[in-house]
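Report on the structure given below.
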Amino acid sequence: MHFYSQLKVKNLNDYSCKSNWRNAVCVLILTIYIQVNGYSQNRSSPQLKKEIDRRELEGNFSISVKDSIRFIKQYGSKVEIQKRYGKANILSVRVPYDEVLKEMMNDSNVVFIDRHRKAIEEAGVDFVNLAFNRISKAHHYFPELLGATTRVSIKEQSFDPFNIDLINRSFNTAVSPILTSQHATAMAIRIAGGGNSSANGIGVAPAAHITSSDFENLLPDADPIFQENDIHVQNHSYGVGIENYYGNEALAYDLQVFQNPTLVHVFSVGNLGQSVPETGTYANLLQANLSGNFKQAKNVILVNAVDTSLVANALNSRGPAYDGRLKPELTAYSQGGTSDAAALVSGVSALLQKKYQLVSDELPLASMIKAILIAGADDLGTKGIDFTYGYGSLNAHNALQLTELRQTLNVEIASLQQITIPITVTSPAIELRVAVVWTDQPATQNANSALVHDIDAHIQEGSNLYLPWVLKTTANTDSLAALPRRKKDHLNTVEYITVDNPVSGQYELVITAPELTTPTQMVSIAYWIEDQHLFQWDYPLGSDVVQAAKKQSLFWSANSNQPGELSYQLNGGNFLMINSEIDLNANFYWTLPDTLSKARLKMKIGVDEFLSDEFLISPQQTLDVGYNCDADFLLTWNAVPGATSYQVYALGEEYLEKVADVDDTTTIISKNLANIYFAVAPSINSLDGLKSETINYTTQGSLCYINLFEVIRYDTEQVEIHLNLSTTFQIDHIVIYKTANNQQKIFTTLDLLKSTEFILYDQELISGWMYFQAELFFKDGTSLKSNVSNVFIESKGKAVLYPNPVTNDSDLTIITEGNRLKIKIFNNQGKLLLVKDLDLIIEQLDISELPSGLYLFQLEDNNEVKDSGRFIKL
């Protein structure tokens, strides 16, 4: 440990020396400390300083003070105080750029001033893959952990509480926003979706209850919001600009977790990967572009994302933190950005809290959740830790498994104390991973290094010493991309130590505390022992239903450089080859057969064969509404070869529930069921396949059998009769009636119905009004009539003008036989006013320019008058 670290300068506003040191020595060492750490007491953030220089000072400010009451008394009449985070004496204030701001910057009561920036949602998509991060595996092996009794907050705008994947599992608090957004709804579904809309609507903790918190306030919500509502996880999938310093928000979040040690804050790392910081150690480098000062906090979790290529998108932000700390901590799968990835980690954190409670009968510390997630994570990207993927890729199953195995421990350590903790490896393993994590006191704003309590840890095994992994932090691209090395870590609140190929025996984890600023420090420890398995299936497992005829990712864990031979089996038949040269260390996609079948996969490595669980391959059906009548409605769906029955689901209070087991591809639902959301799934020997997308039967456009019946004039020789049915279910035949001159007759009869769409033509035109009506006759002897549709047929050589009288609000409609007839309009003095050629049977004439009065018309064919009459213009 450097000698200058003996100074009591953990809180950088308090410079003092040990009382038993001579003053001259103290001053000398203090001078060296300041030179080494480059501490500045500048009251404004680096970003704000640049804005002051450019005079870009409109908007809101975040102001940290020593005495908030004194500040309010002094400035309350001069500024608008919008929010207050009392625990840290931080206020959100709207202040004009005038002598007031200058006064604040020179006020000894003011500690730090920063720009308050508007939060922006960070990209997310409507597709999620729970298999990559072994979340579906966790659901399989820990089915009791659905998040019941867990409460999660989502800080941004409000999600839609009436979304059917979230129905009846939301609650409001004093900070719930009014405005809703699709992004917030997507995050809520990622965390707690009930899978009611489709298989894509399932979340990590599908029984959790959720609430929203407004991200207009970038400071933490008040402690009582979390305490009174039993909230222990909050997701933050938003960002602002790059803010490379330890500011008010970073301090406030660190302080909140320090004072509420079971509260977990999860942030997306950001989508500013193509931006460079303007200030700080890493200025002008394509690194250290975390999207917000709050993401510089020590006691929160930052999450990056990978897509189907298993590579972080170039648009994703990356670390390090402003002082070289390792950020992000974790990576998770997301096709559309870092928002979804953060939501997955929030959901897994909720499951972990529940599991830890079941095992230890108490809520885990936030530091324990972080330790478990880091110890259980899989390496991703270049070997070892790095500033893109952090400590690795989220593995939900590992995290829950190590919790169940009680491979966790909290220890309380005092100043200068050393504690030794035994870790036993019972059989040879591939790797031992240990994470030592503590919730640190907040530093002060603009601190050169955020770390306050510099806990040290290492692993001792006989004469072998294993130090933590650390990264180079020098501000150049090559250093930041360099592989990690083993040495003492004096930056992070995580000591991450691994041992490759540990042999059976006892290992000693040694933890040493420096001189602390508090009486003791609680430290959380979690470890994972990767056993020496050659191959294990992770997805699909026995509880998985995989969509047929679709390209799917298969997931496994393997420790072999040999190629694998992959084959599949349907319904207990012969195994069929998929690929004989599988790279076991790469991602693999398989387009599944179009079938409803029980299936197994087999991976052969050398002479060893590894069978998967028996899972189900299933098509996804399409559910339609056949008819929607007063008393009931008909649901219909496509047949699936091999299905022994079909399961019909309706949305219950919170989740889809089975309401019918049907042998056919239709079912009639009584409206007494009082439900509007339905889905269907094929079943094979009591195994339920993939559910259809859930539909609202009232919005599908289906009426009571007859969707449309109308008659229109098609041309001079015929009319068109159009009949559209929602279904032909139970219809025996259809009769279409025609009425003209007060006489009704059967126009036609339709039977052997093979379509729901009918277009007929009538060429027997009778002058005057013709009326048509359809009647459906059902197999049970009942019938249903359509509306009556009519069409006017002109007499030859005659003209019908309407409305009569006509006003300026409507055109004058003229019905004739068309065929280039000509109509002439005269005033009552016989003066010709208008002439129009009539090409169509129905024409409109604009007479808005004509004054009110009586008018005469003549219908002519080659200058021969065929008809005449009069109309009135009002």
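The table for this structure:
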item	result
Residues being surrounded by 14 or more Cβ atoms within 10 Å (Cβ to Cβ) and without any contact (Cβ under 8 Å) to a residue 24 or more places away in the chain - total across the range 662-675	1
So residue 527, is it aromatic (Phe, Trp, Tyr) and under 30 Å from residue 436 (Cβ atoms)	yes
Residue in the range 533-552 that is under 26 Å from residue 321 (Cβ atoms) and either open to solvent by less than 70 Å² (accessible area, probe 1.4 Å) or not basic (Lys, Arg) (or both) present	no
Leading residue by the ranking (most open to solvent (accessible area, probe 1.4 Å)) among those in the range 553-562 that are in a loop (DSSP other than H, G, I, E, B) and touching a residue at least 40 places away in the same chain (Cβ under 8 Å)	562
Matching strands (runs of 3 or more DSSP E) fully within the range 344-447 where at least 2 residues are of a type in the set (Ser, Thr, Tyr), more than 24 Å from the chain's Cα centre (by Cα) and on the phi < 0 side of the Ramachandran plot	418-425
Filtered residues of the range 405-446 (kept if small (Gly, Ala, Ser) and at pLDDT 95 or above)	414, 415, 435, 443
In the range 578-610, the residues that are more than 26 Å from residue 309 (Cβ to Cβ) and free of Cβ contacts under 8 Å to residues at least 60 places away in the same chain	594, 595, 599, 600, 602, 604, 606, 607, 609
Answer from 810, 868 - the residue that is under 24 Å from residue 768 (Cβ atoms), free of Cβ contacts under 8 Å to residues at least 12 places away in the same chain and not aromatic (Phe, Trp, Tyr)	810
Qualifying residue in the range 468-477 (condition: touching a Gly at 6+ places or on another chain (Cβ under 9 Å), touching a residue at least 24 places away in the same chain (Cβ under 8 Å) and open to solvent by less than 20 Å² (accessible area, probe 1.4 Å))	no
Matching option when the condition is at pLDDT below 95, open to solvent by 40 Å² or more (accessible area, probe 1.4 Å) and among the aromatic types (Phe, Trp, Tyr), among 802, 771	802
Residues (in a strand (DSSP E or B), among the charged types (D, E, K, R) and open to solvent by 10 Å² or more (accessible area, probe 1.4 Å)) located in the range 495-532	500, 508, 530, 531
Within the range 717-772, tally of residues that are in contact (Cβ under 8 Å) with a residue 60 or more places away in the chain and over 52 Å from the mean Cα position of the chain (by Cα)	2
Lone qualifier among 594, 613, 630 - being open to solvent by 10 Å² or more (accessible area, probe 1.4 Å) and either farther than 19 Å from residue 544 by Cα or modelled with pLDDT under 95 (or both)	630
Matching residues in the range 271-330 - criterion: being touching an Asp or Glu at 6+ places or on another chain (Cβ under 6 Å), assigned to a loop (DSSP other than H, G, I, E, B) and of a type in the set (A, V, I, L, M)	297
Positions within the range 73-104 being surrounded by fewer than 16 Cβ atoms within 10 Å (Cβ to Cβ) and under 41 Å from the mean Cα position of the chain (by Cα), in sequence order	76, 80, 82, 86, 94, 96, 97
Filter pass, residue 649 being over 24 Å from residue 533 (Cβ atoms) and among the aromatic types (Phe, Trp, Tyr)	yes
Positions within the range 190-228 being open to solvent by less than 10 Å² (accessible area, probe 1.4 Å) and farther than 26 Å from residue 363 by Cα, in sequence order	196, 201, 218
Options 798, 873, 836: the member that is under 24 Å from residue 718 (Cα atoms) and among the basic types (Lys, Arg)	798
Members of the range 781-794 that are in contact with a strand residue (DSSP E or B) (Cβ under 8 Å, 6 or more places away or on another chain) and either hydroxyl-bearing (Ser, Thr, Tyr) or in a loop (DSSP other than H, G, I, E, B) (or both)	783, 786, 787, 788, 789, 794
Matching residues in the range 260-281 - criterion: being crowded, with 24+ Cβ neighbours inside 10 Å and either touching a residue at least 60 places away in the same chain (Cβ under 8 Å) or over 26 Å from residue 51 (Cα atoms) (or both)	263, 264, 265, 266, 267, 268, 269, 270
Residues located in the range 564-586, provided they are exposed (fewer than 15 other Cβ atoms within 10 Å of the Cβ), out of contact with any Phe, Trp or Tyr (no Cβ under 8 Å at 6 or more places or on another chain) and under 17 Å from residue 537 (Cα atoms)	583, 585, 586
Index of the failed condition, residue 387 passing every other in (1) open to solvent by less than 30 Å² (accessible area, probe 1.4 Å); (2) over 23 Å from residue 256 (Cα atoms); (3) out of contact with any Gly (no Cβ under 6 Å at 6 or more places or on another chain)	(3)
Of all residues in the range 676-714 being among the hydroxyl-bearing types (Ser, Thr, Tyr) and open to solvent by less than 60 Å² (accessible area, probe 1.4 Å), the one that is nearest to residue 657 (Cα to Cα)	694
Check on residue 231, crowded, with 22+ Cβ neighbours inside 10 Å and not hydroxyl-bearing (Ser, Thr, Tyr)	yes
Residues being of a type in the set (S, T, N, Q), farther than 23 Å from residue 251 by Cβ and at pLDDT 50 or above - total across the range 19-78	1
Residue list for the range 118-153, filter: closer than 23 Å to residue 187 by Cβ, modelled with pLDDT of 85 or more, surrounded by fewer than 19 Cβ atoms within 10 Å (Cβ to Cβ) and more than 16 Å from the chain's Cα centre (by Cα)	118
From 115, 134, residue being more than 30 Å from residue 83 (Cα to Cα) and touching a residue at least 60 places away in the same chain (Cβ under 8 Å)	134
Restricting the range 355-378 to residues that are surrounded by fewer than 24 Cβ atoms within 10 Å (Cβ to Cβ) and of a type in the set (D, E, K, R), the residue that is farthest from residue 299 (Cα to Cα)	361
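The values are calculated or read from the model by the stated rules, or taken from the named source; none is laboratory data. Small disclaimer: the values here were computed from a predicted structure and weren't measured. All Cβ positions, glycine included, derive from the backbone under ideal geometry; neighbour counts span all protein chains shown. For the accessible areas, the whole protein counts, side chains as well, though only heavy atoms, and no ligand, DNA or RNA atoms are used. Shrake-Rupley method; radii C 1.70, N 1.55, O 1.52, S 1.80 Å.
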